[in-house]
Ligand SMILES: Nc1ncnc2c1ncn2[C@@H]1O[C@H](COP(=O)(O)OP(=O)(O)O)[C@@H](O)[C@H]1O
Ligand SMILES: [Mg+2]
């Protein structure tokens, strides 16, 4: 069946609803684009974009947030993949409670999370009932703060990452593949790296992209922990400028779409290949 | 000399005993089948040999070494699953090479072994395909090659043919047997299909509810079943309630009709309630030769099964099936007609319940 005949088979009202939905979504986008191109009076141009990209703080915060996102994704994968794997393999009864824990970020707002983090980690951590210090206050030095914020982001991304990974594992027969690999002499590490990870690649990618989107735009944690991240920068820019934030918003939209297209490409291919290539 | 020994193996899950006091000695190069209904503990026993389950008690000795508690990846055992379990992200060649790769063999060695294995299963044209591009039968052959590539000491097959359609099942089972013989590898084959077990094995272990019922060659298992369960499970069987008439001479009474059996029933008393078992192919229509049992019967029904014709007859009040080979000149009796059937006294089995 070709595309045209498929399109013709869609009933009239479906088309109407689809177009209304599309308008609802596209109109503000168009308005933003239009506005962002009118920084100079009476000319359509990319001045706002040039200005926004020229600001050295833009690049600095953007790169910093990207680095945070990358580290968050790596930390999430290291934490979540073995956990989800182990639950599937050995502890199916723990699934409910782990799922509940991963959903906590929806219940506990980020502002509470960040105050909790600051309260606990701004004082040194001692071994209970002794004066022996095992951890400096994390908020007092840069790497410490980075660790803290990445930990917070791992929590915020948990619902998305865990769901994606768990769904990915549902599509392969994790248990039998594990046993097959074990009988061939593979260690746990080999099994996770060479069998499990490649077979849930598409799921990992979707989890990673969602995490990326959260981290790069995140404001609350970043501003309370006082790190030079992109979220607070954009927020500040929005308060002082008119055109540049619109330009950046539109640019970030394009970026997101690009990412989603990429995702579609990879997962579509994997759907056909049942995990191959 | 025993190569693989399972000694007094018992396995419990919680309070349920799944395998009970299982003892078996397997010689090098032998092909042994575990046969039994679903849930009787075949897979569990096999998984204990593979190391995926640890016996609650008992020992497993492989080539002189105690492997009872060894981790699966420390044993040298090949495993074949019903669902093939090929790695979807790897090609046929990569799948077959995986075990050697994990063992950090040299690249050249791996390539050579992989080629050898691919030739063994006749999939030269498919070396670079992914599992999803192959048929079920081809996938199971790849899985066989993958297991054999690591030179395992024992090959374990858990219902490897159950997911395939009938034709492939029969051809692949002879292929598996041929490869096993050629390599002289020791193999355990789990199945619930009696025909499969009879056709492929050196020896069969018939299992029921976690217990070994009987161990023997296919010939022994079929012709000399030791228990009622084995006789019922392997091949088809007539059974009927009977009463002992004379323990010394083997005279039985089935619903008023006299039967004579060759089974030793001297330990029973006159009047004991027992059960007789007779294979359908052991009956034939009476000719003039003298036979142990000559019985009047009525023909009740006739079923055409291809190579065999199954005739249901009523002897006294009891109904029996009788099988005869089909041929184009066969003269079949009419339904309802009175005939005489015979069988030898060796055919009349009295089995332990
Ligand atoms: N991990 C387990 N936990 C609890 N019971 C199990 C487990 N594995 C198998 N069983 C039980 O043990 C019995 C034998 O199972 P199995 O060895 O798979 O039988 P078979 O392969 O002969 O069909 C079944 O009743 C099954 O439910
Ligand atoms: Mg089984």
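The values are calculated or read from the model by the stated rules, or taken from the named source; none is laboratory data. No experiment lies behind these values; they were computed from the predicted model shown. Ideal geometry is used to build each Cβ from the backbone, glycine not excepted, and the neighbour counts take in all protein chains shown.
Per-residue answers, yes or no, for (1) within 16 Å of ligand 2 (Cβ to nearest atom); (2) under 23 Å from residue B:313 (Cα atoms); (3) more than 14 Å from chain A (Cβ to nearest Cβ):
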site	(1), (2), (3)
B:191	yes, no, yes
B:203	no, no, yes
B:241	no, yes, yes
B:297	no, yes, yes
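When you go through B:161, B:157, B:252 one by one, which is the residue that is away from ligand 1 (no atom under 16 Å from the Cβ), in contact with a strand residue (DSSP E or B) (Cβ under 9 Å, 6 or more places away or on another chain) and at negative phi? Walk me through it before giving the result.
Values: B:161 fails: away from ligand 1 (no atom under 16 Å from the Cβ); B:157 fails: away from ligand 1 (no atom under 16 Å from the Cβ).
Selected residue: B:252, the only one of B:161, B:157, B:252 that is away from ligand 1 (no atom under 16 Å from the Cβ), in contact with a strand residue (DSSP E or B) (Cβ under 9 Å, 6 or more places away or on another chain) and at negative phi.
Which numbered condition trips up residue A:231, out of (1) more than 9 Å from chain B (Cβ to nearest Cβ); (2) more than 19 Å from residue A:256 (Cβ to Cβ)?
(2)
I'd like the full set of residues that are facing chain B (nearest Cβ under 7 Å), within 19 Å of residue B:83 (Cβ to Cβ) and part of a helix (DSSP H, G or I), limited to the range A:173-197. Talk me through it step by step, then tell me what you get.
Of the range A:173-197, the ones facing chain B (nearest Cβ under 7 Å) are A:173, A:176-177, A:179-180, A:182-187, A:190, A:195.
Still in the running and within 19 Å of residue B:83 (Cβ to Cβ): A:173, A:176-177, A:179-180, A:182-184, A:186, A:195.
Correct list: A:176, A:177, A:179, A:180, A:182, A:183, A:195.
If you check residue B:98 against the conditions, is it more than 20 Å from the chain's Cα centre (by Cα) and either away from ligand 1 (no atom under 14 Å from the Cβ) or within 14 Å of chain A (Cβ to nearest Cβ) (or both)? Break it down stepwise before answering.
On the way: more than 20 Å from the chain's Cα centre (by Cα): yes; either away from ligand 1 (no atom under 14 Å from the Cβ) or within 14 Å of chain A (Cβ to nearest Cβ) (or both): yes.
So residue B:98 fits the description; yes.
So, restricting to strands (runs of 3 or more DSSP E) that lie completely within the range B:1-67, which ones have at least 1 residues that are within 12 Å of ligand 1 (Cβ to nearest atom)?
Of the strands (runs of 3 or more DSSP E) lying wholly inside the range B:1-67, those with at least 1 residues that are within 12 Å of ligand 1 (Cβ to nearest atom) span B:2-13, B:16-27, B:31-35.
Only residues that are within 29 Å of the chain's Cα centre (by Cα) and either more than 18 Å from residue B:89 (Cα to Cα) or not assigned by TED's automatic domain parsing to the domain that holds residue B:180 (or both): list them for the range B:120-143, please.
Correct list: B:120, B:121, B:122, B:123, B:137.
In contact (Cβ under 8 Å) with a residue 12 or more places away in the chain and assigned to a helix (DSSP H, G or I): does that describe residue B:196? First the steps, then the outcome.
Details: in contact (Cβ under 8 Å) with a residue 12 or more places away in the chain: yes; assigned to a helix (DSSP H, G or I): yes.
In short, yes.
Among (1) loosely packed, with under 13 Cβ neighbours inside 10 Å; (2) not in a helix (DSSP H, G or I), there is one condition residue A:116 misses while meeting the rest; what is its number?
(2)
Taking the condition of being within 9 Å of another protein chain (Cβ to nearest Cβ) and buried (at least 21 other Cβ atoms within 10 Å of the Cβ), how many residues in the range B:57-71 meet it? So that I can check it myself, show each step before the final result.
Residues of the range B:57-71 within 9 Å of another protein chain (Cβ to nearest Cβ): B:71.
Checking which are buried (at least 21 other Cβ atoms within 10 Å of the Cβ) leaves us with none.
Final tally of qualifying residues: 0.
Working carefully through the options B:219, B:224, find the one that is without any contact (Cβ under 8 Å) to a residue 24 or more places away in the chain, farther than 18 Å from residue B:77 by Cβ and either within 14 Å of chain A (Cβ to nearest Cβ) or touching a strand residue (DSSP E or B) at 6+ places or on another chain (Cβ under 8 Å) (or both).
B:224
Would you check which residues across the range B:182-216 are away from ligand 1 (no atom under 16 Å from the Cβ), over 21 Å from residue B:6 (Cα atoms) and touching a strand residue (DSSP E or B) at 6+ places or on another chain (Cβ under 8 Å) and list them?
Within the range B:182-216, B:198, B:200 qualify.
Would you call residue B:5 away from chain A (no Cβ under 14 Å), away from ligand 2 (no atom under 16 Å from the Cβ) and farther than 26 Å from residue B:182 by Cα? Don't jump to the end; show me each part of the working.
Numbers: away from chain A (no Cβ under 14 Å): yes; away from ligand 2 (no atom under 16 Å from the Cβ): yes; farther than 26 Å from residue B:182 by Cα: no.
No; evaluated as a whole, the condition is false for this residue.
Given the criteria away from chain A (no Cβ under 11 Å) and in contact with a helix residue (DSSP H, G or I) (Cβ under 6 Å, 6 or more places away or on another chain), does residue B:150 qualify?
Here the answer is no, as residue B:150 does not meet what is asked.
Could you tell me which numbered condition residue A:56 fails, if it satisfies all but one of (1) surrounded by 14 or more Cβ atoms within 10 Å (Cβ to Cβ); (2) under 25 Å from residue A:219 (Cβ atoms); (3) free of Cβ contacts under 8 Å to residues at least 40 places away in the same chain?
(1)
Residue B:92 - would you say it is facing chain A (nearest Cβ under 8 Å) and touching a helix residue (DSSP H, G or I) at 6+ places or on another chain (Cβ under 8 Å)?
Considered against the rule, which asks whether it is facing chain A (nearest Cβ under 8 Å) and touching a helix residue (DSSP H, G or I) at 6+ places or on another chain (Cβ under 8 Å), residue B:92 comes out as no.
If a residue must be closer than 27 Å to residue B:82 by Cβ and either more than 7 Å from chain B (Cβ to nearest Cβ) or surrounded by 22 or more Cβ atoms within 10 Å (Cβ to Cβ) (or both), how many such residues does the range A:198-214 contain? Quick ask: steps written out before the conclusion?
Taking the range A:198-214 as the starting set, the residues that turn out to be closer than 27 Å to residue B:82 by Cβ are A:198-203.
Now drop any that are not either more than 7 Å from chain B (Cβ to nearest Cβ) or surrounded by 22 or more Cβ atoms within 10 Å (Cβ to Cβ) (or both), which leaves A:199-203.
Residues flagged as closer than 27 Å to residue B:82 by Cβ and either more than 7 Å from chain B (Cβ to nearest Cβ) or surrounded by 22 or more Cβ atoms within 10 Å (Cβ to Cβ) (or both) within the range A:198-214 amount to 5.
So residue B:51 ticks every box in (1) more than 10 Å from chain A (Cβ to nearest Cβ); (2) in contact with a strand residue (DSSP E or B) (Cβ under 8 Å, 6 or more places away or on another chain) but one. Which box is left unticked?
(1)
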